[in-house]
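Undergrad: Structure incoming, see below.
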Amino acid sequence: MFSQPIDRRRFLYQAAAGVGAISTSLAGGCDEREPKAASADPPPVAEEEVNAGPPKPYTGPNVILIRFGGGVRRLETVLSPETTYCPFVYHELYKKQGILFNHVDIESSPGIETSHGQGTLYLLTGKYDHYEDISHKPLADRFEAKVPTIFEYLRKKYDIAEHQALIINGEDRINEEFYTFSNHHLYGVRFRSTVLSLYRFKSYLLREELKSAELADKEREEKTKQLREMENKDYRVQDRRVTSPELDRFWANWRNYYGRMGLVNPRGDRVLTALALRALRELRPKLLMINYQDTDYVHWGNPHFYTRAISIIDDGIRQIYEAVQADEEYRNNTVFLVVPDCGRDNNRCMAVTYQHHFNSKCAHEIFVVAAGPGIAHPQVPVDKRRQQISVAAAVGKLMKFPTAHVDGSAGYLKEMLL
Amino acid sequence: MKTPAIPEVLPAQELDLPEALPADQPRLRRRRESTAGGVLGKVMGAFLAWVVRPIIGILFCFNYFTSILVTGWTYRWMQGLVLRGWWKQSRLHREGSFEDFCLTLGHAAPVLRPRWLVRERIIATLTRPAPDGSRPGALRKAFRILSLPWFSLWLNLKVGIQALFCTYLLTGWGCLLMYFSWEYGWLNSFNKGYEEAFIGPLAGFLGIFLFIAAMFYVPMAQVHQAVTGDVRAFIDFRFVWRLIQACPVTYVGLAAFIALASLPLEILKTAPAFFDDHFDAWTNASDAQVLHMLQTYLLVCCAVLFPTLLLARFLAASVYRAAVLKVVRRGCIAEHDLHPVLDDWLTRLGLRGPLPAAAPKMRWGTGSIAWWLVGTLDLIVLVAAFLAVVVVGPGAWPAVLGVWILLTILLVPFFLIRRGALAQFLRFNGRRLVFGLLFWMWFGFVAKVYVGEFLNRHPYAGFLNHTLVQLPCFDFIPAHLRQSAKP
């Protein structure tokens with residue numbers, strides 16, 4: 001038999017490489033089309049046990065993943081300097097420093113939707129899937145990931161506090177509050193990320209109010225009920241701690257600065273930028289995802305909502321970038337990844353050609369801009385077709401954690417790594 | 001878009017001389033009908049009436065300016081329809097043709113099949129005496145000849161503008177508020193102006209209610225204006241409300257038809273949201289090709305719109321025709337309430353009875369202040385009940401039903417103390433029901449516009465023009481496509 005015991009890790013590497021090579025050669029022999037995005041890239045490590053043992057301290061680069069959200073087209077963002085509404089992303093992040101993948105797609109397959117919740121989960125999990133609303137309520141869009149998110153991979157591998165794996169969400173998409181972890185049995189709530197949003201601020205305020213001994217019984221009852229309703233929206237974390245001293249301190253500072261009423265703080269997507277800037281200062285995240293969303297207002301038909309929202313997001317990215325450069329710990333140690341959750345239609349029969357993202361051809365067409373230390377700067381865009389889900393694997397490569405459950409056939413945007 | 005060319009001259013469906021003679025010469029008419037030329041003329045007339053003119057109507061629905069002509073044309077058509085309906089019910093129906101009767105009304109009498117361009121009753125126009133009763137001079141005749149090629153065009157335009165002016169006078173406020181609410185409301189939402197967040201929805205609700213309130217009245221008023229040919233007739237509130245009260249069931253049916261018929265039109269209007277970038281034939285086409293394909297599609301939509309509009313006008317004319325006879329026969333209006341044109345026609349046709357010097361009071365009648373108040377109260381109760389069901393859950397239904405029954409029973413004592421109480425009570429509740437039905441029909445009409453505009457926004461036209469009520473136009477070609485398709 002064997003003189004030495006089989007190294008399971010090496011065996012899985014070799015098996016995966018072999019399967020990859022066979023599938024590549026088969027695809028090459030049977031079909032002359034361009035192979036599915038970067039299928040030649042070596043697949044990510046496909047094992048759970050690689051993380052066995054206590055988590056290690058993290059020393060790699062910080063990553064700021066910006067969901068250029070609400071769905072945007074290439075035309076108004078990265079196609080050309082004449083048509084862009086996001087000059088900072090185009091000129092600074094792409095042209096001066098980073099790399100642009102201008103043919104990134106969302107796969108066109110049955111069940112793969114071009115919408116915000118789905119797009120965010122594709123980015124987070126690195127896998128296309130058909131998501132169904134678990135609440136069975138109209139327009140609820142409550143999805144649950146079946147495979148781990150990048151935050152779970154990161155926190156499983158490294159000793160990173162919950163408040164340093166952050167998602168920043170907008171104020172009116174409650175459904176996106178619950179993408180912090182998957183239902184995967186080896187990952188899940190133990191390795192979840194933390195959400196910063198006004199929704200969370202409101203629940204913090206309620207908790208603080210309930211601490212007051214002066215609260216009347218009836219009022220206490222009402223506020224407790226209200227808090228329970230807010231917290232119980234995610235049935236999976238009812239028995240878990242949803243606060244931490246760091247978060248409480250963060251929200252206390254927010255309250256002290258902006259007050260309680262919600263009319264002083266920035267609004268719309270600007271509040272995401274404000275939260276991100278404060279988070280960088282106070283929570284020191286290693287992996288930060290910012291879910292911008294306001295371009296989606298163009299669903300109601302006013303074209304300038306879209307273009308203005310792009311510019312507002314662009315300005316937010318500029319502020320965050322400048323904050324990073326002004327911070328010694330973050331400077332030269334932070335990678336920016338900018339990627340939309342989905343594209344938008346390009347329907348010439350409509351007065352507003354980009355009013356929706358109805359799973360049309362253009363709604364599948366997005367881009368990725370990356371910039372920062374360790375990121376290539378080829379000065380010309382990468383024209384090869386890439387997949388949106390490859391962003392998760394790319395984050396894994398950057399932060400050096402295995403992404404065992406991502407769709408390895410999509411690759412990891414290898415051109416961006418030096 | 002290029003305006004479809006109007007045919008140079010529409011083949012005339014002219015009356016020959018014998019038909020222009022007074023109606024009391026039936027023998028001449030019969031002799032004309034028996035000739036081969038007469039038969040050919042009738043066939044040609046029918047061809048023009050049922051093929052060529054609708055085709056022109058369809059083409060005219062494809063442009064905002066020409067759709068004004070369509071409005072005018074349909075108003076003139078309704079006028080002819082109503083008059084012909086009364087004529088068929090009169091003794092004159094057995095004594096002569098409808099044309100014979102119309103000729104007794106003068107050269108400007110209604111026509112059953114109006115023309116788009118050329119004047120009707122050419123010979124009668126040319127030979128009619130001068131205002132002083134003398135034979136027309138050469139100069140007068142020359143002027144009349146000059147007017148022949150375009151008089152119907154002018155008439156359609158004039159009637160169309162008058163019709164739209166009046167229709168917008170009542171419906172326009174609601175449309176404007178809905179439009180403002182959509183624009184401002186979402187603008188405020190985008191900028192998160194929480195402090196003024198109520199203005200958008202409030203303006204929207206107000207606009208919807210104003211539009212619905214106007215639409216309680218407008219369909220009947222449109223026919224009244226069309227039939228009398230008088231702009232002021234549109235605001236003849238007392239008369240029009242009496243007409244609505246006279247035929248509440250059929251009027252609700254008319255509202256239902258317009259609301260339902262507008263649904264496929266809304267779908268057709270919205271459908272292009274799913275053409276380009278969804279189907280390869282569209283996605284891969286050049287801008288010019290997309291423009292051409294969209295034009296073709298919209299032309300097909302016009303071919304649906306125009307017959308639907310005609311059907312809606314036909315139904316409206318039928319309801320009006322029956323309602324006028326009812327109010328006149330029942331004496332529901334005063335002598336002075338009857339429009340002079342209607343008075344003249346009905347008198348000639350022998351359909352008019354004596355009318356009281358003063359109209360009976362409206363009391364709880366349709367259109368009365370009390371009717372509006374009770375109807376609005378009912379509506380508030382219904383909406384509150386609906387909200388209760390939403391908040392409390394299905395368990396609130398018995399309570400809601402209880403409140404409804406209580407509200408109905410509470411009013412019984414007020415009626416029972418008088419004679420004919422039961423009939424009065426039933427009529428009262430019937431009118432409440434009419435209010436509720438009309439409201440929800442028109443609410444459905446408006447609601448589908450909101451859904452349609454969310455799916456495929458049409459700046460301005462989406463909220464400001466409802467094709468079956470205002471301008472019958474289906475020109476939804478985006479300006480950017482016209483521009484980019486230019487060579």
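Rule-based calculations on the coordinates, nothing more; no lab input. The shown structure was predicted, so the numbers you read here are calculated from the model rather than taken from an experiment. Every residue, glycine as well, gets a Cβ built from its backbone with ideal geometry; the counts of neighbours run over all protein chains shown.
Undergrad: Among all residue pairs at least 6 apart or on different chains, which show Cβ distances below 8 Å where the first residue, located in segment B:273-289, is farther than 16 Å from residue A:352 by Cβ and the second is surrounded by fewer than 17 Cβ atoms within 10 Å (Cβ to Cβ) and of a type in the set (S, T, N, Q)?
TA: Final answer for the pair search is B:287/B:484.
Undergrad: Inspect segment B:137-152 for any residue being among the hydrophobic types (A, V, I, L, M, F, W, C), in contact (Cβ under 8 Å) with a residue 40 or more places away in the chain and either touching a strand residue (DSSP E or B) at 6+ places or on another chain (Cβ under 9 Å) or buried (at least 17 other Cβ atoms within 10 Å of the Cβ) (or both) and give the result as yes or no. Spell out the reasoning first.
TA: Filtering segment B:137-152 down to residues among the hydrophobic types (A, V, I, L, M, F, W, C) leaves B:138-139, B:142-143, B:145-146, B:148, B:150-151.
When the remaining residues are screened for being in contact (Cβ under 8 Å) with a residue 40 or more places away in the chain, the result is none.
No, the conditions are met nowhere in segment B:137-152.
Undergrad: Looking at segment B:306-344, which of its residues are touching a helix residue (DSSP H, G or I) at 6+ places or on another chain (Cβ under 6 Å) and among the hydrophobic types (A, V, I, L, M, F, W, C)?
TA: Keep residues of segment B:306-344 that are touching a helix residue (DSSP H, G or I) at 6+ places or on another chain (Cβ under 6 Å), which gives B:306, B:308, B:312-313, B:315-317, B:319-321, B:323, B:326-327, B:332-333, B:337, B:339, B:341.
B:306, B:312, B:315, B:316, B:317, B:319, B:323, B:327, B:332, B:333, B:341 - these are the residues of segment B:306-344 that are touching a helix residue (DSSP H, G or I) at 6+ places or on another chain (Cβ under 6 Å) and among the hydrophobic types (A, V, I, L, M, F, W, C).
Undergrad: Against the definition (surrounded by fewer than 21 Cβ atoms within 10 Å (Cβ to Cβ), assigned to a helix (DSSP H, G or I) and either more than 13 Å from every other protein chain (Cβ to nearest Cβ) or charged (D, E, K, R) (or both)), how does residue B:203 come out, yes or no?
TA: Details: surrounded by fewer than 21 Cβ atoms within 10 Å (Cβ to Cβ): yes; assigned to a helix (DSSP H, G or I): yes; either more than 13 Å from every other protein chain (Cβ to nearest Cβ) or charged (D, E, K, R) (or both): yes.
For residue B:203, the condition - surrounded by fewer than 21 Cβ atoms within 10 Å (Cβ to Cβ), assigned to a helix (DSSP H, G or I) and either more than 13 Å from every other protein chain (Cβ to nearest Cβ) or charged (D, E, K, R) (or both) - is met.
Undergrad: If I filter segment B:167-195 down to residues being away from chain A (no Cβ under 14 Å) and surrounded by fewer than 21 Cβ atoms within 10 Å (Cβ to Cβ), which single residue comes out as nearest to residue B:463 (Cα to Cα)?
TA: Start the filter on segment B:167-195 by keeping residues that are away from chain A (no Cβ under 14 Å), which leaves B:167-177.
Of the ones still in play, those that are also surrounded by fewer than 21 Cβ atoms within 10 Å (Cβ to Cβ) are B:168-170, B:172-173, B:176.
Values: B:168: 12, B:169: 15, B:170: 15, B:172: 10, B:173: 11, B:176: 8 Å.
Ranking the qualifying residues of segment B:167-195, first place goes to B:176.
Undergrad: Here is a follow-up. State which residue pairs qualify: first residue within 10 Å of chain B (Cβ to nearest Cβ) and under 21 Å from residue B:189 (Cα atoms) and inside segment A:286-301, second residue assigned to a helix (DSSP H, G or I) and of a type in the set (Asp, Glu) in any location, beta carbons under 7 Å apart, and separation of 6 or more residues or different chains.
TA: Qualifying pairs under 7 Å: A:294/A:269; A:301/B:453.
Undergrad: Of the conditions (1) touching a residue at least 12 places away in the same chain (Cβ under 8 Å); (2) within 14 Å of chain B (Cβ to nearest Cβ), residue A:255 clears all except one; give me its number.
TA: (2)
Undergrad: Of all the residues that make up segment B:437-464, how many are touching a Leu at 6+ places or on another chain (Cβ under 7 Å) and closer than 30 Å to residue B:242 by Cβ?
TA: 1
Undergrad: All but one of (1) of a type in the set (Asp, Glu); (2) surrounded by 22 or more Cβ atoms within 10 Å (Cβ to Cβ); (3) in a loop (DSSP other than H, G, I, E, B) hold for residue A:314; state the number of the condition that does not hold.
TA: All conditions pass for residue A:314, except number (3).
Undergrad: Another question, then. What are the residue pairs meeting all of these: first residue in segment A:153-180, first residue within 14 Å of chain B (Cβ to nearest Cβ), second residue not in a loop (DSSP other than H, G, I, E, B), Cβ atoms under 6 Å, and 6 or more apart or on different chains?
TA: Listed by first residue and then by second, the contacts come to A:171/A:198.
Undergrad: Can you list the helices (runs of 4 or more DSSP H) found entirely within segment B:262-363 that contain at least 3 residues being surrounded by 18 or more Cβ atoms within 10 Å (Cβ to Cβ) and hydroxyl-bearing (Ser, Thr, Tyr)? If you could, list the steps in order and put the result at the bottom.
TA: Values: elements: B:280-283, B:287-330, B:340-349.
Where helices (runs of 4 or more DSSP H) fall fully within segment B:262-363 and carry at least 3 residues being surrounded by 18 or more Cβ atoms within 10 Å (Cβ to Cβ) and hydroxyl-bearing (Ser, Thr, Tyr), they are B:287-330.
Undergrad: For the structure I just gave you, tell me whether residue A:352 is within 14 Å of another protein chain (Cβ to nearest Cβ) and more than 20 Å from residue A:67 (Cα to Cα).
TA: On the way: within 14 Å of another protein chain (Cβ to nearest Cβ): yes; more than 20 Å from residue A:67 (Cα to Cα): yes.
Spelling it out, residue A:352 is indeed within 14 Å of another protein chain (Cβ to nearest Cβ) and more than 20 Å from residue A:67 (Cα to Cα).
Undergrad: Additional query: Within the set of pairs 6+ apart or on separate chains, which have a first residue in segment B:185-201 that is among the polar types (S, T, N, Q), a second that is in a helix (DSSP H, G or I), and C-beta atoms under 6 Å apart?
TA: Going by the 6 Å Cβ cut-off, the qualifying pairs are B:188/B:196; B:188/B:200.
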